[in-house]
Amino acid sequence: MELHRLRDRIAAALGLAAFACDPPARQVVVAPVASMPPQTDAAPPRPPGRVLDLPTGAPCDDAIRVQCEKPLAEAPGDHYPSPYASCRVAPNFNAQHTDKRRPTAPDTCCYLECMQMEFEGRPFRAEDTSIRLATSVSRNDWRADWHPDWHAQSAWLDVAPSPELSARWLKAALAEHASIAAFSQISLHLLALGAPPALIEGTHRAALDEIRHATIAFALASAYSDGETFGPSALSIAGLAATRSLREVALDALVDGCVGEATSALAMARDVDDTSELGKVIGNIVSDEESHAALAWRVVRWALSADAGLMPVLAEALERLATGPSLEAQVASEVAIPILRRLVGPVLAHDVRKHDDHRWL
């Protein structure tokens, strides 16, 4: 999922027209036949290249995904031995996965790439904006198989033990667990501000999504461990803000939802092997995170409809986020800023022009 596609998908979820982002195709000028230079003698045959040893091992110590592609039309000079001679030469080429795919896809060369299990949902913040998380404890009721529907779909839990991956999934599980509380808190703040029922419903549905994400992540943390079973401790809710202003709710939605969850969806989508059982499970989480980002934009749109004067505040927040080379900065610059411009619309634009800062219109 590239940035412009993520942007268009979120825009479509908001009922906005797609962005015309692709540059026009370059015009190809074909010279007349009469002006073409005469043909020269063919180049001498290329000397045969070396037969290379097949790479061994994974390209990283992290989780991996399998990426397959069609062989080259012509074998490269230096090439692998038959039957891989037409495969692109790269240190992450994998003969075992290529052999596994070829019975159903004969023209295939497979490569291994690193997967980063770094995803998290909406952060759960205290009144001082610090992030709250539970700690991990030994318990077995937060695994994905607590629900009967999961019993028939648990092939993705058949994984080899890996302490590093267990720790990564446990970190993700605790973040997703805290997101349940975050959306519960958001629903209360929206109710206190008189938000419409669609936003309240969407927020509660997002909390249910996070329960599923947390149980999946705890199940994987347990599966990758050496016999341990993980779950969350009690989550402290002391010192939470009882209410938040419309401005605060809009900024939270913009930063943590429109940018934060869209960044999470994009990062996961880049590392998903959707041909594996585990990849399909993660792919569903990607779709959920993308829908949560769209929900955050609906909150922002509702807040702007109530107070168009929030536009300069939100614009300034995005400009700060869009600084730097990080993926979050790219999402802020290439996804969030164009959507915010489009979201204002002609009616809101008229109201925002009353304020000093209308650079975005």
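Could you tell me whether residue 253 is in contact with a Phe, Trp or Tyr (Cβ under 6 Å, 6 or more places away or on another chain) and either open to solvent by less than 30 Å² (accessible area, probe 1.4 Å) or not small (Gly, Ala, Ser) (or both)? Full working, then the answer.
Details: in contact with a Phe, Trp or Tyr (Cβ under 6 Å, 6 or more places away or on another chain): no; either open to solvent by less than 30 Å² (accessible area, probe 1.4 Å) or not small (Gly, Ala, Ser) (or both): yes.
Against the criterion (in contact with a Phe, Trp or Tyr (Cβ under 6 Å, 6 or more places away or on another chain) and either open to solvent by less than 30 Å² (accessible area, probe 1.4 Å) or not small (Gly, Ala, Ser) (or both)), residue 253 does not qualify.
A single entry from 85, 75, 90 fulfils the requirement of being over 29 Å from residue 216 (Cβ atoms), at pLDDT below 85, in a loop (DSSP other than H, G, I, E, B) and open to solvent by less than 40 Å² (accessible area, probe 1.4 Å): 75.
Here the condition is being at pLDDT 65 or above, crowded, with 20+ Cβ neighbours inside 10 Å and closer than 21 Å to residue 203 by Cα; of 127, 120, it holds for 120 alone. Pick from region 59-72 the residues that are of a type outside the set (A, V, I, L, M) and modelled with pLDDT of 85 or more: which of them is nearest to the chain's Cα centre (by Cα)? Looking at the filtered set, the residue picked out is 69. How many residues are assigned to a helix (DSSP H, G or I) and open to solvent by 10 Å² or more (accessible area, probe 1.4 Å) when one looks only at region 312-342? Count: 15.
If the requirement is being more than 26 Å from residue 281 (Cβ to Cβ), loosely packed, with under 13 Cβ neighbours inside 10 Å and at pLDDT 60 or above, which of these qualifies: 56, 40? Give the steps one after another, and end with the answer.
Details: 40 fails: at pLDDT 60 or above.
None of the others qualify; the one that does is 56.
Enumerate the pairs (first residue in region 317-337 and in contact (Cβ under 8 Å) with a residue 60 or more places away in the chain; second residue anywhere and open to solvent by 10 Å² or more (accessible area, probe 1.4 Å) and acidic (Asp, Glu)) with beta-carbon separation below 9 Å, excluding pairs fewer than 6 apart on the same chain, so at least 6 apart or on different chains. From region 317-337, the pairs are 321/328; 332/319. A residue that is farther than 20 Å from residue 328 by Cβ and modelled with pLDDT under 85 cannot be found anywhere in region 247-264. Among the residues of region 190-226, what is the count of those that are under 14 Å from residue 163 (Cα atoms), assigned to a helix (DSSP H, G or I) and of a type in the set (Asp, Glu)? Residues meeting the conditions: 0.
For region 9-20: of the residues being farther than 18 Å from residue 264 by Cβ and assigned to a helix (DSSP H, G or I), which is least open to solvent (accessible area, probe 1.4 Å)?
Filtering region 9-20 for residues farther than 18 Å from residue 264 by Cβ gives 11-12, 14-20.
Still in the running and assigned to a helix (DSSP H, G or I): 11-12.
Numbers: 11: 0, 12: 68 Å².
The extreme case among them is 11.
Does at least one position in region 276-298 carry a residue that is buried (at least 20 other Cβ atoms within 10 Å of the Cβ), part of a helix (DSSP H, G or I) and more than 17 Å from the chain's Cα centre (by Cα)? The answer is yes, given that some residue of region 276-298 is buried (at least 20 other Cβ atoms within 10 Å of the Cβ), part of a helix (DSSP H, G or I) and more than 17 Å from the chain's Cα centre (by Cα).
The values are calculated or read from the model by the stated rules, or taken from the named source; none is laboratory data. This structure is a prediction, so every number in the text was calculated from the model and none was measured. Don't worry about glycine lacking a Cβ; one is built from the backbone with ideal geometry, like all the others, and counts go over all protein chains shown. The area values use the complete protein model at the heavy-atom level, side chains included, leaving out ligands, DNA and RNA. Shrake-Rupley method; radii C 1.70, N 1.55, O 1.52, S 1.80 Å.
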